[in-house]
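One structure is given here, and the rest of the page talks about it.
The values are calculated or read from the model by the stated rules, or taken from the named source; none is laboratory data. The structure presented is a predicted model; accordingly, all values stated were derived computationally and were not measured. Cβ coordinates were reconstructed from backbone atoms using ideal geometry, including for glycine residues, and neighbour counts include every protein chain displayed.
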Ligand code: GDP
């Protein structure tokens, strides 16, 4: 029998290379983790388990905002600022559309021109994925791999669609909402749920004619955020303005996140939150695997069809039918 572990994707080889910060093999490891083949899942599991003690030493920052708000320009400038401090920066993306369209505009290298040429940066465009656990689980694994490779700042980009924002919120330490200053009511059209998830808001494109409006928006947002209950972190969300093209407000955004880290590390929330996120990941993976197991079994599918028919005929209650399925798993 062939020993798969000694093939090109040898776990030991990748393990060593990742610890040495080899980005080529880091990219390959992420590709491996995205594969749904059971042999690849096994290898990924072995690799991640070995790398686990070397992961976690980073600040994980989620960045969200509507298309056109300036995410990639901001990430480019913010990432460059972090690398100027000597930090290694990884950019990952969670794009809900990639599951359907098999393509994505997030996490695209060409959108982050300066950062993509920086030796301290690693940008991973979103691949088309059909993962059983969804794109979120894959991104979580990619975060661990990047951390083991020595990346200290992990930026996870997502676009303003409720579900993906919640998923990203559940895998990062700090969640940053980018927002444009509008002409009218700044808060119109922003879902309260997203505001409540944010640890910080940056009003983008605060330059030239837009500067005054950005400051007004800053005041409005800060005011609105005060009305929310203080989050569990104990951190009062901060609102800043920035111009990524003029590199203004970038250092302030970094400082805000550093302060958040210091405060939440001191209070114990930082670690507690990460532990809780691991539990959420575990639950979500379990659910995804149960679903996959159910849908992957012909016997199970035919049993479900029979039960569905009985439900239609009013012969069985859906919750009782569900119990029957679970017992048959
Ligand atoms: P994304 O879709 O959220 O990633 O937005 P982009 O970063 O691609 O930016 C959308 C547009 O806004 C581009 O034309 C950028 O050049 C422009 N833009 C981004 N940041 C700024 C900024 O700080 N100031 C100004 N004036 N324009 C910006």
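Tabulated data for the structure shown
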| read-out | value |
| --- | --- |
| Qualifying positions in the range 209-243 - buried (at least 19 other Cβ atoms within 10 Å of the Cβ) and more than 29 Å from residue 269 (Cβ to Cβ) | 214, 243 |
| Tally of residues being modelled with pLDDT of 95 or more and over 22 Å from residue 52 (Cβ atoms) across the range 133-172 | 0 |
| Hits in the range 195-224 (condition: closer than 20 Å to residue 169 by Cα and under 23 Å from the mean Cα position of the chain (by Cα)) | 195, 196, 197, 198, 199, 200, 201, 202, 203 |
| Options 41, 50, 60; residue that is surrounded by 20 or more Cβ atoms within 10 Å (Cβ to Cβ) and away from the ligand (no atom under 16 Å from the Cβ) | 60 |
| Residue 288 being out of contact with any helix residue (DSSP H, G or I) (no Cβ under 6 Å at 6 or more places or on another chain), at pLDDT below 90 and under 24 Å from residue 56 (Cβ atoms) | yes |
| Of all residues in the range 245-286 being within 16 Å of the ligand (Cβ to nearest atom) and in contact with a strand residue (DSSP E or B) (Cβ under 7 Å, 6 or more places away or on another chain), the one that is nearest to residue 89 (Cα to Cα) | 253 |
| Search result, residues across the range 196-241 that are in contact with a helix residue (DSSP H, G or I) (Cβ under 9 Å, 6 or more places away or on another chain) and within 14 Å of the ligand (Cβ to nearest atom) | 202, 203, 204, 205, 206, 207, 240, 241 |
| Matching residues, the range 22-34, being surrounded by fewer than 16 Cβ atoms within 10 Å (Cβ to Cβ) and either in a loop (DSSP other than H, G, I, E, B) or free of Cβ contacts under 8 Å to residues at least 24 places away in the same chain (or both) | 24 |
| Unmet requirement for residue 246, which otherwise passes all of (1) in contact (Cβ under 8 Å) with a residue 40 or more places away in the chain; (2) in a loop (DSSP other than H, G, I, E, B) | (1) |
| Residue that is nearest to the ligand (Cβ to nearest atom) [pool: residues in the range 63-84 that are under 19 Å from residue 163 (Cβ atoms) and in contact with a helix residue (DSSP H, G or I) (Cβ under 9 Å, 6 or more places away or on another chain)] | 71 |
